[in-house]
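Every number in this text was worked out from the coordinates using simple rules, so none of it is lab data. Note that the structure is a prediction, hence the values are computed from the model and not measured. Glycine gets a Cβ as well: all are built from the backbone with ideal geometry, and neighbour counts include every protein chain shown.
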Amino acid sequence: MNRLTAYLGLAAVAVVAVLVVNNLRDIGPGPTLATKPEVAVKGRPKIGGPFTLVNQDGKTVTDADYRGRYMLLYFGYTFCPDVCPTFLGIVGEALDILGDKAEPIVPIFVSVDPERDTPAHLKEYVVNFHPTMVGLTGSMEQVYEVARQYRVYFSKVMQQGADPDGYLMDHTSITYLMGPDGKFVSHFAHGTTAETMAKRLADLLPS
Ligand code: NI
């Protein structure tokens, strides 16, 4: 019995050792280990993954529904006073500049505020920025999961003495371009102009 226990213990240690070695290999060597674990092997950041959300028509959708097209994803919330509408305006303008060339792109606005962003509310909102723009929301769990996959941070900011429903959301402002295979292609930082975005998108899309 004691020997069996010892064997099992050794086996467990071996499994842990293999897992640790595999993890280190995944992250890669060097000084980036502690600061940039998101930079993956082959130079492609580990951004994205499966999601299940609800679109502006109240229909359940998954990432697989957009396979074969380029997802241009932005995370935010419709009550955002400035950053979200500004950036979504830039996305819409960039798509207008591209014209027919934008056809393979699906612009997607993912809400990080599902409590207030109902599908109906999103439907009224996204149409202001581009006729093809999709609005996605879901349960709190679904939104947490997609944010985790895309490494998007968000947090509710309550204001002292203000209407409890009038809260703000602190959130990452970044746009991701995901390829027809659902994998990360590029990102656009906050402050990108519509012209720059259109040019980079044109360069990234197959001609
Ligand atoms: Ni915002």
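Which residue is nearest to G68 (Cα to Cα), if the candidates are limited to region 168-195 and must be within 14 Å of the ligand (Cβ to nearest atom) and assigned to a strand (DSSP E or B)?
Of everything passing the filter in region 168-195, T175 is nearest to G68 (Cα to Cα).
Within the group S186, S207, which residue is polar (S, T, N, Q), loosely packed, with under 12 Cβ neighbours inside 10 Å and over 17 Å from V83 (Cβ atoms)?
Details: S186 fails: loosely packed, with under 12 Cβ neighbours inside 10 Å.
None of the other options fit; the residue is S207.
Could you check region 40-90 for strands (runs of 3 or more DSSP E) lying wholly inside it with 3 or more residues that are away from the ligand (no atom under 16 Å from the Cβ) and under 17 Å from V112 (Cα atoms)?
Numbers: elements: 52-55, 60-62, 70-76.
In region 40-90, the matching strands (runs of 3 or more DSSP E) lie at 52-55, 60-62.
Name the pairs: first residue in region 161-179 and over 18 Å from T78 (Cα atoms), second residue part of a strand (DSSP E or B) and within 11 Å of the ligand (Cβ to nearest atom), Cβ to Cβ under 9 Å, at least 6 apart or on different chains?
From region 161-179, the pairs are Y176/Y74; Y176/F75.
Of all residues in region 60-95, count the ones that are touching a residue at least 60 places away in the same chain (Cβ under 8 Å) and among the charged types (D, E, K, R).
4
The rows are residues; the columns are (1) closer than 20 Å to T172 by Cβ; (2) surrounded by 14 or more Cβ atoms within 10 Å (Cβ to Cβ); (3) in contact with a helix residue (DSSP H, G or I) (Cβ under 7 Å, 6 or more places away or on another chain).
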{"position": "L88", "(1), (2), (3)": "yes, yes, no"}
{"position": "A94", "(1), (2), (3)": "yes, yes, yes"}
{"position": "L98", "(1), (2), (3)": "no, yes, yes"}
{"position": "S111", "(1), (2), (3)": "yes, yes, yes"}
{"position": "P114", "(1), (2), (3)": "yes, yes, yes"}
{"position": "A120", "(1), (2), (3)": "no, no, no"}
{"position": "L136", "(1), (2), (3)": "yes, yes, no"}
{"position": "Q149", "(1), (2), (3)": "yes, yes, no"}
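Hey, could you check region 119-155 for residues that are assigned to a strand (DSSP E or B) and in contact (Cβ under 8 Å) with a residue 40 or more places away in the chain and say which is farthest from the ligand (Cβ to nearest atom)? Write out each step before concluding.
So the first thing to find is which residues in region 119-155 are assigned to a strand (DSSP E or B), and the list is 134-137, 154-155.
Those left that are additionally in contact (Cβ under 8 Å) with a residue 40 or more places away in the chain: 134-137, 154.
Numbers: V134: 17, G135: 14, L136: 15, T137: 15, F154: 9 Å.
Only one residue fits best here, namely V134.
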